[in-house]
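Each reported figure results from applying straightforward, stated rules to the coordinates on display, with no laboratory input. Small disclaimer: the values here were computed from a predicted structure and weren't measured. All Cβ positions, even for glycine, are placed from backbone atoms using ideal geometry, and neighbour counts span all protein chains on display.
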Amino acid sequence: MRVLRFLPLVIIFQISFLAQTTTSAQGDPQAIAVVQAAITALGGATAIGQAQSWTFQAQMRGPQANGNVRYMTSTHPDTGQVRLANGKTKSAPLIRSYFIPALVGRILLMESQDPRFSILYAGTSMLASGPVTVVIFAVGPRRLPAQIWSFDASNRPVEVDFRVPAEIGARQSFPFLTVLSDYRSASGVFYPFQIVSAVPGKPPEIIALQSVTATTTVPPNDFNGRGGDLQ
């Protein structure tokens with residue numbers, strides 16, 4: 001696993017965000033209330049949970065991808081197969097995607113239902129966007145910080161430190177600090193139309209969404225090198 005410079009120690013396990021359970025994540029009642037308010041502000045659990053695939057039209061600018069891009073991602077879990085030198089095959093690794101943070105509502109919904117997380121309240125702070133409420137998604141008995149979320153006064157995420165990537169289907173986010181803004185509604189769900197991922201040692205990767213189309217179909221996830229995918 002790649003380790004971000006913000007991470008104070010090495011996390012040697014991979015967190016899967018695919019589980020949808022009836023058991024909620026545990027944590028501080030105040031933190032859980034913040035997350036639930038964010039899910040509501042982003043369209044509500046019912047609307048967020050209906051979509052299974054998303055197609056984005058976007059313009060990208062940064063060290064990994066540039067120009068106009070059409071990008072599709074879904075909840076389909078199959079990563080495909082890779083052939084080893086001995087002729088055997090194994091499951092391919094998850095595709096790292098700059099577009100996964102666009103699905104912040106889906107990420108919050110999934111992680112709020114995952115009992116492996118502890119949701120911790122970390123108080124208030126200030127960002128360039130103004131005052132924010134900070135919530136930590138922690139893992140393990142020592143409650144190691146996996147992700148640090150900052151929510152603005154309208155309860156929408158404006159910054160996420162993905163120390164452990166979020167996963168949706170066969171894709172996962174990069175383990176980068178990501179800034180989200182310019183929320184707009186598509187099919188009743190709010191998406192950040194501006195996504196800025198801080199790439200360590202390089203200029204940021206910037207995505208300006210032009211449109212979002214959500215459907216209930218579940219097509220497989222194809223590698224999209226033009227959209228900045230890495231594997």
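What's the local net charge at VAL158, with K and R +1, D and E -1, over the other residues with C-beta under 14 Å away?
-3
Just to check, using Stokes-Einstein with a Kirkwood Rh over alpha carbon pairs, what's the diffusion coefficient of the chain at 25 °C and 0.890 mPa s in µm²/s?
137
So how far, in whole Å, is the C-alpha centre of the range 149-205 from the one of the range 64-129?
Between the Cα centre of the range 149-205 and that of the range 64-129, the gap is 11 Å.
How high is the relative contact order of the chain, in percent, with contacts defined as C-alpha pairs under 8 Å that are six or more residues apart?
29
Within 14 Å, Cβ to Cβ, of ALA170, how many net charges do the neighbouring residues add up to if Lys/Arg are +1 and Asp/Glu are -1?
Summing Lys and Arg as +1 and Asp and Glu as -1 gives -2.
Going highest first, how would you order 167-179, 189-201 by mean Cβ packing within 10 Å?
Final packing ranking: 167-179, 189-201.
Can you give the calculated 222 nm mean residue ellipticity of the chain, where each DSSP H run of n ≥ 4 adds -39,500 (n - 2.57) and the sum is split over every residue, rounded to the nearest 500 deg cm²/dmol?
Dividing the helical sum by the residues of the chain leaves -3500 deg cm²/dmol.
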